[in-house]
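The values are calculated or read from the model by the stated rules, or taken from the named source; none is laboratory data. These figures come from a predicted structure and were not determined experimentally. A quick note on method: Cβ atoms are made from the backbone with ideal geometry, for glycine too, and the neighbour counts reach across all protein chains shown. The area values use the complete protein model at the heavy-atom level, side chains included, leaving out ligands, DNA and RNA. Shrake-Rupley method; radii C 1.70, N 1.55, O 1.52, S 1.80 Å.
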Amino acid sequence: MDIKVEENYLRKAMELHKDVPVVDAHLDLAGEILLRNRAGEREVVKNHYLSDFKKAGIRLVASSVFVETGNLDRGWENALEQITALKQDIESLDDVSFVEKGGDIDKVLEEGKIGILLYMEGLDCIGEDIDRLNTLHDLGVRGAALTWSRPNALAVGCCKAAEHRQIYGGLREAGKRAVKRLEELSMFVDVSHLNDDGFEELRGLAEKPFIATHSGSRKVFDSFRNLTDEQMLYLAGQGGIMGINGCQCIAGSLRGNHLEMLCRHIEHEVTVMGAEHVGYGFDLCDSYDEAGAALRGESRVCRNDCLLNHGQIPLVTAALLQRGMDEGSVRKIIGENFLTYFKQMI
């Protein structure tokens, strides 16, 4: 059985979501827009996301650029197509703006808009050509994970979410150069798909705070996509933020106890790192997966996420309050932490 959220806590959560700018630090939005464009759809954000963003009080979304394995043979072109598709999709929206620097975030908040920040979920598409990071920066990309859950020319990723096996091998020489270039360009580094060896090597290399945009606690649920307590302590100690992942097989909620498991992850992370180092990064993928299925001519409903849509995010906030978390900590988690980090980093 999952947590039954009481109405008074849901009302309080909704009030907080109106008062605090909410941040989702990971959404595969750019890739989904491109998939739906190829199926003939337009105005993807408006038709599939905008109302739920507004319902949840979301004011900043970090959209990944994720190149699927089947597109790696033309990965650079695919990444550029995703970036173009996202920009074109939101350019006509009065209440959504593309964010490239900290001042843009302040402007979005002042004007009551929703900001979209771009970053790379894996850098397979650049190969060993580190100068391509400069091109991505020029296009408005403001962060990157070195790899997704697969090896590339820069680093070795952890196993995929549905697997459970340790994968060894850390950063390659080109990956070390990439970290340096990312920091020179004021692009943040994301470790959510990096394996344990890679995380350990990054500890001795990074000079600026890195983050985990969409990961959970390995102690709460034993997945190699989640971070150990030691990793979480180091991430917090160097000024990073950890976004809670909302995928069922990463949260460990395959029995339907979605809110319970999300709360358990967040509560443990707060205990280990402090509330100022925890955030939301739900990685809601069902809509993306359904877009891909539709493009392939398949008719299926995907249900791999802990939440049905972004409009349900206040349920997580309400559950945290109901379980006894103080309002000050909750405010930090739902948005204040990632807002501070992104404004400082980009």
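So which residues in segment 269-290 are open to solvent by 20 Å² or more (accessible area, probe 1.4 Å) and of a type in the set (Asp, Glu), if there are any at all?
Within segment 269-290, Glu276, Asp289, Glu290 meet the criteria.
Which condition number does Leu27 fail, the rest of (1) within 16 Å of the chain's Cα centre (by Cα); (2) open to solvent by 40 Å² or more (accessible area, probe 1.4 Å); (3) not charged (D, E, K, R) being met?
Tallying (1) within 16 Å of the chain's Cα centre (by Cα); (2) open to solvent by 40 Å² or more (accessible area, probe 1.4 Å); (3) not charged (D, E, K, R), Leu27 fails exactly one: (2).
So which residues in segment 93-109 are open to solvent by 50 Å² or more (accessible area, probe 1.4 Å) and without any contact (Cβ under 8 Å) to a residue 24 or more places away in the chain?
Asp94, Lys107
Only one residue in Lys113, Lys208 is in contact with a Ser or Thr (Cβ under 6 Å, 6 or more places away or on another chain) and surrounded by fewer than 21 Cβ atoms within 10 Å (Cβ to Cβ), so which one is that? Step through it out loud before you land on a result.
Numbers: Lys208 fails: in contact with a Ser or Thr (Cβ under 6 Å, 6 or more places away or on another chain).
Selected residue: Lys113, the only one of Lys113, Lys208 that is in contact with a Ser or Thr (Cβ under 6 Å, 6 or more places away or on another chain) and surrounded by fewer than 21 Cβ atoms within 10 Å (Cβ to Cβ).
What residue, among those in segment 30-78 that are of a type in the set (Gly, Ala, Ser) and open to solvent by less than 20 Å² (accessible area, probe 1.4 Å), is nearest to Ala153 (Cα to Cα)? Spell out the reasoning first.
Narrowing segment 30-78 to residues of a type in the set (Gly, Ala, Ser): 30-31, 39-40, 51, 56-57, 62-64, 70, 75.
With the extra rule that they be open to solvent by less than 20 Å² (accessible area, probe 1.4 Å), the set shrinks to 30-31, 56-57, 62-64, 75.
On the way: Ala30: 23, Gly31: 22, Ala56: 39, Gly57: 39, Ala62: 25, Ser63: 23, Ser64: 19, Gly75: 13 Å.
So, considering only residues that are of a type in the set (Gly, Ala, Ser) and open to solvent by less than 20 Å² (accessible area, probe 1.4 Å), the one nearest to Ala153 (Cα to Cα) is Gly75.
Being β-branched (Val, Ile, Thr), within 14 Å of Asp283 (Cβ to Cβ) and not in a strand (DSSP E or B), is that true of even one residue in segment 216-239? Full working, then the answer.
From segment 216-239, those β-branched (Val, Ile, Thr) are 220, 228; that's our starting set.
Adding the requirement that they be within 14 Å of Asp283 (Cβ to Cβ) leaves none.
There is no residue in segment 216-239 that is β-branched (Val, Ile, Thr), within 14 Å of Asp283 (Cβ to Cβ) and not in a strand (DSSP E or B).
Between residues in segment 148-177 that are closer than 23 Å to Asp131 by Cβ and among the small types (Gly, Ala, Ser) and residues that are open to solvent by less than 60 Å² (accessible area, probe 1.4 Å) and at pLDDT below 95, which pairs lie under 9 Å by C-beta distance while being six or more apart or on different chains?
Pairs that qualify, where the first residue is closer than 23 Å to Asp131 by Cβ and among the small types (Gly, Ala, Ser) and the partner is open to solvent by less than 60 Å² (accessible area, probe 1.4 Å) and at pLDDT below 95, are Ala155/Gly170.
What helices (runs of 4 or more DSSP H) completely inside segment 263-346 contain at least 1 residues that are at pLDDT below 95 and of a type outside the set (Val, Ile, Thr)?
Working: elements: 286-295, 313-322, 327-331, 337-345.
Result: 286-295.
As an exercise: evaluate Gly328 against (1) over 17 Å from Val22 (Cα atoms); (2) of a type in the set (Gly, Ala, Ser); (3) more than 18 Å from the chain's Cα centre (by Cα) and give the number of the one condition it does not meet.
(1)
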